[in-house]
1. Hey, any hits in region 140-154 for a residue that's under 19 Å from the mean Cα position of the chain (by Cα), more than 16 Å from the ligand (Cβ to nearest atom), under 27 Å from H24 (Cβ atoms) and assigned to a loop (DSSP other than H, G, I, E, B)?
2. Can you report the number of residues in region 240-260 which are under 23 Å from N284 (Cα atoms) and charged (D, E, K, R)?
3. In region 98-133, what residues are of a type in the set (D, E) and touching a strand residue (DSSP E or B) at 6+ places or on another chain (Cβ under 8 Å)?
4. Which condition number does H65 fail, the rest of (1) more than 14 Å from the ligand (Cβ to nearest atom); (2) under 21 Å from the mean Cα position of the chain (by Cα); (3) at pLDDT 95 or above being met?
5. Working only within region 164-211, note down all residues that are in contact (Cβ under 8 Å) with a residue 24 or more places away in the chain, surrounded by fewer than 16 Cβ atoms within 10 Å (Cβ to Cβ) and among the hydroxyl-bearing types (S, T, Y).
6. Name the one entry in S263, S251, S289 that is of a type in the set (S, T, N, Q) and closer than 27 Å to F158 by Cβ.
7. Consider S223 carefully, then state whether it is modelled with pLDDT of 95 or more and among the polar types (S, T, N, Q).
8. What number of residues within region 242-275 are of a type in the set (A, V, I, L, M) and closer than 25 Å to S223 by Cα?
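The values are calculated or read from the model by the stated rules, or taken from the named source; none is laboratory data. As the structure is a prediction and not an experimental result, all values here were calculated from the model. With ideal geometry, Cβ positions are generated from the backbone for all residues, glycine too; neighbour counts draw on all protein chains shown.
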Amino acid sequence: MIEVTNCPICNGKNFVPYLQCCDHSVTQETFSLIKCTKCGLVITSPRPDDLEIQKYYASSTYISHLGTAQTLLDRIYLFARSFTLRWKWSIVERNILPTLEKKILDFGCGTGEFLRTAKQHSWNVAGVEPSENARTQASPEVFNHIKSSLPNFSNQTFNVITLWHVLEHVSDLDSTIGDLKNHLTQEGTLFIAVPNHSSWDGKHYQEKWAGYDVPRHFWHFNSKNMLMLLENHSLELVEIIPMRLDAFYISLLSEKYSHNRMSAVGLIKAFFYGCFSNVNAKKNNEYSSLIYVARK
Ligand SMILES: [Zn+2]
């Protein structure tokens, strides 16, 4: 297990105990969250090391990487994913600078669904996915473009680099952002989507909030510390884009975790809490998940 003693964003050394969260989707083990008193980054600490973490991804109920749905929640997830893929692509197209070369890297690409979407729009695609299980399930159109780690693409640069709910899973924040920046062209655009624990749903559900997803999520960001992280790497923020659908899906999962089952009442509550979260975020921009668009 790894205990975090220095904040990777502000280098602060003072932390306060924050929450005790259960790994609801795989082991039911409890993990501690601590909060940096300087920048507000919430950290899963102690957390499993790179070897230990593997068992926390090994579950038939962890479907982020799988294409088959077994439960109602899984079906909702997959329906939302198909919609979200098209929406994410529209976000990318709208926020990039005009370019002749069309090369995209999806970091933490899972089974490569987003890369398939990019390929359908005639982009050259590359993906990094450490999970062999996910890589082997990628469809034939993108299979050969997905590698286990970034060094496989040494000397290559990309106009677009995307991290869709991936940064919270990486063990070394600084080297990840630094390495990705080196792979970004001078006019390139970086898209980083992460959950936001300062959202209404994050505050409402507290330790039951599905956005914590311990111990797979090592870092729990809000917009203040995400902006600091970008600034540390001299990346210029272009825009912050809300992911409104996440408020519903995260509320749905959080309802399930709160009552250890999914019920019709839970479904209705999740719908209303998703609405509350999005309406509340209109005032302060603290949506359930946010996409940070940045350039060099
Ligand atoms: Zn900090």
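1. The answer is no; no qualifying residue exists.
2. Within region 240-260, the first condition is being under 23 Å from N284 (Cα atoms), and the residues that meet it are 240-252, 254.
Narrowing further to those that are charged (D, E, K, R): 244, 246.
Count: 2.
3. Narrowing region 98-133 to residues of a type in the set (D, E): 101, 106, 113, 129, 132.
E101, D106, E129 - these are the residues of region 98-133 that are of a type in the set (D, E) and touching a strand residue (DSSP E or B) at 6+ places or on another chain (Cβ under 8 Å).
4. (3)
5. Matches in region 164-211: S171 only.
6. Working: S263 fails: closer than 27 Å to F158 by Cβ; S251 fails: closer than 27 Å to F158 by Cβ.
Of S263, S251, S289, the one residue that is of a type in the set (S, T, N, Q) and closer than 27 Å to F158 by Cβ is S289.
7. Details: modelled with pLDDT of 95 or more: no; among the polar types (S, T, N, Q): yes.
Considered against the rule, which asks whether it is modelled with pLDDT of 95 or more and among the polar types (S, T, N, Q), S223 comes out as no.
8. Initially, region 242-275 is screened for residues of a type in the set (A, V, I, L, M), giving 243, 245, 247, 250, 252-253, 262, 264-265, 267-268, 270.
This time we only want the ones that are closer than 25 Å to S223 by Cα, so: 243, 245, 247, 250, 252-253, 270.
Result for region 242-275: 7.
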